[in-house]
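Report on the following structure.
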Amino acid sequence: MNSFSVRTKIMEGGGLETLAPKLHKVFIVTDGFMASSGKVSYITEKLDRAGAEYRVFDQVKADPDIGTVTKGVDMIQEFHPDAVIAFGGGSPIDAAKAIVFFAAKTCDMRECMFIAVPTTSGTGSEVSKFAVITDPEKEVKYPLVEDSLLPDVAILDAELTVSVPPSVTADTGIDVFTHAVEALVSTAATDFSDAAAEKAIKLVRRHLMTAYHQPGDMAARQGMHNASCLAGVAFSNSGLGLNHGMAHALGARFHIPHGRANGILLPYVMSFNAGCSESLTPVAKRYAKIARLLGLEATSVRQSALNLIRTARRYVEQLNIPSSIQVAGVDKAEFEAEAEAMAEAALADRCTATNPRPCSKEEILQVFHKAYIGRLP
């Protein structure tokens, strides 16, 4: 039986002003930069005007870890808020999800409203039931997948994304594209998840490069913000695939930002899934369908799939994302020492379970090696 759910209320262009008067005690989860730069005032000023009490937890760093989540759980249990607001990129939102999830194990969080306010256009975490938490000692990323992780409200205000550096626009933008592509070819895809993913891909085609080169273009910024959210809706329902399983392993071991890791790996994973180096797999037909969406369709399935793979590679080049793991600065000896463990981690990753082509550890290891040297068919 297939199912599709969009529990989160999505408010485009703002909305916290209307919510703030209903809130009394608010726990804000963000990162140190958002707090020290004063950007968190986007939240706190509205709460001040509404007369709400709040506490700011600003200890989230990139790739939020178990220790950070534990601190947040302790703080939220002591404060007893009636709302949690996650403010920032994917890391604060993922951390807030995990904090709320684990806090609910020991105290009643059913009446606590969970609001996500993304400041980057990439993770789709504001509407997904996924969160990724890192164990720094084991150098492993653990994806949490639970319906209870879904925020109640997502506020999509593209004004918050204007000041992000071009590299962040690039990394998060290619993350959106990867989410949508993996959602479309997932073994758990449905007509409903396909509709969201297809629209996300069209928005990426129309707006990503403009947002990257002209950061003040608000139409492009809102277009990418919406694309990110739609891709999040899609993959939250369909699951992801091997690309994310490998990116989690690569990012955990070599501290490569998640979106960038996805972008580096995407052409190589797509090539494997389509069977471009051997004989074509049924996945190639799904890639050909995506190529048609982008106006890249050719006279054969193989050529259409190759056109899509090359377009993904071209996006990576135009966004100044490294074209291989080696170009990303990973030492060869260090890569070789970690490659087998990364392949094992990717195989065990929950995202890999819905990959459209079954894969073994040995095959994943081959893809990692191709991605290291930058070899495509």
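State to the nearest 20 debye the size of the charge dipole of the chain about its Cα centre, where the only charges are +1 on K and R beta carbons and -1 on D and E beta carbons. Each step should come with its number before you reach the end.
Values: 37 positive and 43 negative charges, 250 e Å.
That gives a dipole near 1200 debye.
Measure nothing fancy, just the Cα-based angle from helix 90-103's long axis to the longest principal axis of the chain, in degrees from 0 to 90, nearest 10.
60
Nearest 10 degrees, 0 to 90: what angle lies between the long axis of helix 66-79 and the longest principal axis of the chain (Cα atoms)?
20
When the chain is treated as a GNM, springs tying every alpha-carbon pair under 10 Å, which of PHE114, PHE235, PHE33 comes out with the largest mean-square fluctuation?
PHE33
Enter the accessible area per residue of the chain (Å², integer; probe 1.4 Å; all protein chains in place). Spell out each step's value before the answer.
On the way: 15220 Å² over 377 residues.
For the chain, the solvent-accessible area averages 40 Å² per residue.
What list of ³J(HN,Hα) values in whole Hz, one per residue of segment 344-350 in order, does the Karplus curve 6.51 cos²θ - 1.76 cosθ + 1.60 (θ = phi - 60°) give from phi, with Gly and Pro shown as x?
5, 5, 5, 5, 7, 5, 5
If you count only protein heavy atoms and use a 1.4 Å probe, how large is the accessible surface of ASP194, to the nearest 10 Å²?
30
How would ARG206, ARG49, ARG314 rank on accessible area, largest to smallest, probe 1.4 Å? Show your work: numbers first, answer last.
Numbers: ARG206 135, ARG49 165, ARG314 105 Å².
Largest to smallest exposure gives the sequence ARG49, ARG206, ARG314.
Would you kindly derive the ³J(HN,Hα) couplings of segment 104-112 from the backbone phi angles with the Karplus curve 6.51 cos²θ - 1.76 cosθ + 1.60 (θ = phi - 60°), listing them in order in whole Hz, with x for Gly and Pro?
Taking θ as phi minus 60°, the curve returns 5, 6, 10, 9, 7, 10, 5, 9, 8 Hz for segment 104-112.
What percentages make up the Cα-Cα pair-distance distribution of segment 68-149 when the bins are 5 Å wide from 0?
P(r) for segment 68-149, in whole percents per bin: 3, 15, 27, 27, 18, 8, 2, 0.
Give me the percent of the accessible area of the chain that comes from carbon and sulfur atoms, probe 1.4 Å, all protein chains in place.
On the way: 7790 of 15220 Å².
Reported share for carbon and sulfur atoms: 51 percent.
Taking the convex hull of the alpha carbon atoms in segment 18-60, what volume per residue do you get, in Å³?
Values: hull volume 2.5 nm³, N = 43.
Once divided by residue count, the hull of segment 18-60 is 58 Å³.
With unit charges on the beta carbons (Lys and Arg positive, Asp and Glu negative) and the dipole taken about the Cα centre of segment 179-245, which residue among ALA200, TYR212, HIS225 sits farthest to the positive side?
My answer, from the dipole projection, is TYR212.
Quick one: divide the alpha-carbon radius of gyration of segment 17-170 by 2.2 N^0.38 Å and tell me what you get.
Output field value: 0.97.
What is the Cα centroid distance between segment 27-103 and segment 264-294, reported in whole angstrom?
Result: 40 Å between the Cα centres.
Using bins 5 angstrom wide from zero, how does P(r) for segment 248-377 break down, in % of all Cα pairs?
Each 5 Å bin holds this share of Cα pairs: 2, 11, 20, 23, 20, 15, 6, 2, 0.
Run the reach check for LYS22 against lysines, Cα to Cα strictly under 23 Å, same-chain hits fewer than 8 apart removed. What comes back?
LYS9, LYS39, LYS46, LYS97
What's the angle, to the nearest 10 degrees (0 to 90), between helix 283-293's Cα axis and the longest principal axis of the chain?
Value to nearest ten degrees: 70.
List the residues of segment 320-340 whose backbone N lies under 19 Å from a point placed 7 Å from the Cα of LYS361 along the Cα-to-Cβ direction.
335-340, by backbone N distance to the label point.
Whole-Hz ³J(HN,Hα) for each residue in segment 26-36, computed from phi via Karplus 6.51 cos²θ - 1.76 cosθ + 1.60 with θ = phi - 60°, x for glycine and proline: what do you get?
10, 9, 9, 10, 8, 10, x, 5, 4, 6, 5
Using a 1.4 Å probe and ignoring any ligands, DNA or RNA, find the accessible area of CYS359 and quote it in Å² to the nearest 10.
Result for CYS359: roughly 30 Å² accessible.
In whole Å, what is the distance between the alpha-carbon centres of segment 153-209 and segment 321-377?
Going from one Cα centre to the other spans 23 Å.
How large, in Å, is the chain by the Kirkwood hydrodynamic radius built from its alpha-carbon pairs? Working shown, then result.
Working: mean 1/r = 0.0483 Å⁻¹.
Taking every pair of different Cα atoms in the chain, averaging 1/r and inverting gives 20.7 Å.
Starting from the Cα of LYS202, step 7 Å along the direction of its Cβ; do the same at MET218; then give the gap between the two resulting points in nm.
Reported label-point gap for LYS202 and MET218 is 2.4 nm.
Taking amide H positions as placed 1.01 Å from N in the peptide plane, with prolines and chain starts having none, which residues 5 or more places from VAL84, or on another chain, fall under 5 Å of its amide H?
Distant-sequence amide H within range of VAL84: PHE27, MET113, PHE114, ILE115.
With r as the distance between the Cβ atoms of SER300 and HIS255 and R0 = 41 Å, compute the FRET efficiency 1/(1 + (r/R0)^6) and round to 0.05. Intermediate results must be reported in sequence, preceding the final value.
Values: r = 41 Å, r/R0 = 0.99.
The value I calculate is 0.50.
How compact and how long is segment 259-333, expressed as Rg and Dmax of its alpha-carbon atoms in Å?
13.2, 43
Would you mind computing, in nm to one decimal, how far apart the modelled labels at GLU12 and ASP108 are, each placed 7 Å from Cα along Cα→Cβ?
3.8
Between SER41 and GLU340, what length in nm is gained on full extension when 0.36 nm per residue of separation is reduced by their alpha carbon distance? Display every interim value, and only then the final one.
Numbers: separation 299, 0.36 × 299 = 107.64 nm, distance 4.53 nm.
This chain segment gains 103.1 nm when fully extended.
The values are calculated or read from the model by the stated rules, or taken from the named source; none is laboratory data. Note that the structure is predicted; figures quoted are calculated from it, not measured. Please note: Cβ atoms are built from the backbone with ideal geometry, for glycine as well, and neighbour counts cover all protein chains shown. Heavy atoms of the whole protein, side chains included, go into the accessibility calculation; ligands, DNA and RNA do not. Shrake-Rupley method; radii C 1.70, N 1.55, O 1.52, S 1.80 Å.
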